[in-house]
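Here the structure is laid out as structure tokens; the discussion comes afterwards.
The values are calculated or read from the model by the stated rules, or taken from the named source; none is laboratory data. Quantities reported herein were computed from a predicted structural model and do not represent experimental measurements. When we count neighbours, we look across all protein chains shown, and the Cβ atoms used for this are built from the backbone with ideal geometry, even at glycine. With ligands, DNA and RNA removed, areas are computed over all heavy atoms of the protein, side chains included. Shrake-Rupley method; radii C 1.70, N 1.55, O 1.52, S 1.80 Å.
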Amino acid sequence: MVLLGIVWNAFCNAFTRGLGLELSHGILLLILLPLLHIGSLATLFALFRSKLFSASTMGEAVAATFCGAHKTLAFGLPLINTVFEGNPNLASYCAPIMLMHPLQLVIGSLIVPYFKQMVEEEEEKVE
């Protein structure tokens, strides 16, 4: 409950004071962050399916990919607030993680059907 309060407070502070970003920087973040997230998902999935992790199943590779690529708002926001407390640019430092979290949820929900199909196909081959 305390963590939820911290995250809520950070969102409220950021949006009442403004994010401190120019429009062009906000647009750049909205373009780059999804591309970086999709790239990290693809890279991690390729890594976990490589010969380096050959003992892992497809399900384990998918789980490791999601766990490795997703950064949590609940951990990052309080950490940024603690480290940069009192800094006038605090909202600017919080902006990337506050934009990235919803993007991770959307991108993750869009690729789940593909990962699910891959896992089901591997399970059918095993049977």
Open item on the list: Given (1) more than 30 Å from Gly5 (Cα to Cα); (2) among the aliphatic types (A, V, I, L, M); (3) at pLDDT 80 or above, identify the lone condition not met by Ala64.
Closed with: (1)
Open item on the list: Among (1) in contact with a Gly (Cβ under 7 Å, 6 or more places away or on another chain); (2) closer than 16 Å to Ala63 by Cβ, there is one condition Gln104 misses while meeting the rest; what is its number?
Closed with: (1)
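Could you tell me which residue of segment 37-68 is nearest to Val119 (Cα to Cα), considering only residues that are among the hydroxyl-bearing types (Ser, Thr, Tyr) and within 21 Å of the chain's Cα centre (by Cα)? Don't jump to the end; show me each part of the working.
The first filter runs over segment 37-68 and keeps only residues among the hydroxyl-bearing types (Ser, Thr, Tyr), leaving 40, 43, 50, 54, 56-57, 65.
Applying the additional criterion that residues be within 21 Å of the chain's Cα centre (by Cα) yields 40, 43, 65.
Values: Ser40: 20, Thr43: 18, Thr65: 13 Å.
Going through the qualifying residues, I end up with Thr65.
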Open item on the list: Please go through (1) of a type in the set (A, V, I, L, M, F, W, C); (2) over 12 Å from the mean Cα position of the chain (by Cα); (3) farther than 19 Å from Glu122 by Cβ for Leu33 and return the number of the only condition it doesn't satisfy.
Closed with: (2)
Task: Residue list for segment 102-116, restricted to those being in contact with a His (Cβ under 8 Å, 6 or more places away or on another chain) and not small (Gly, Ala, Ser) - done: Leu103, Gln104, Ile107
Task: segment 40-75, subset in contact (Cβ under 8 Å) with a residue 24 or more places away in the chain and more than 30 Å from Glu120 (Cα to Cα), residue least open to solvent (accessible area, probe 1.4 Å) - done: Leu73
Task: Pro78 in contact with a Leu (Cβ under 9 Å, 6 or more places away or on another chain), of a type outside the set (D, E, K, R) and either surrounded by 13 or more Cβ atoms within 10 Å (Cβ to Cβ) or free of Cβ contacts under 8 Å to residues at least 40 places away in the same chain (or both) - done: yes
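Just checking, how many residues over segment 21-34 are surrounded by 11 or more Cβ atoms within 10 Å (Cβ to Cβ) and at pLDDT 80 or above? Show your work before the answer.
First pass over segment 21-34, keeping only residues surrounded by 11 or more Cβ atoms within 10 Å (Cβ to Cβ): 21, 25-30, 32-34.
Narrowing further to those that are at pLDDT 80 or above: 27-28, 32-34.
Within segment 21-34, residues that are surrounded by 11 or more Cβ atoms within 10 Å (Cβ to Cβ) and at pLDDT 80 or above number 5.
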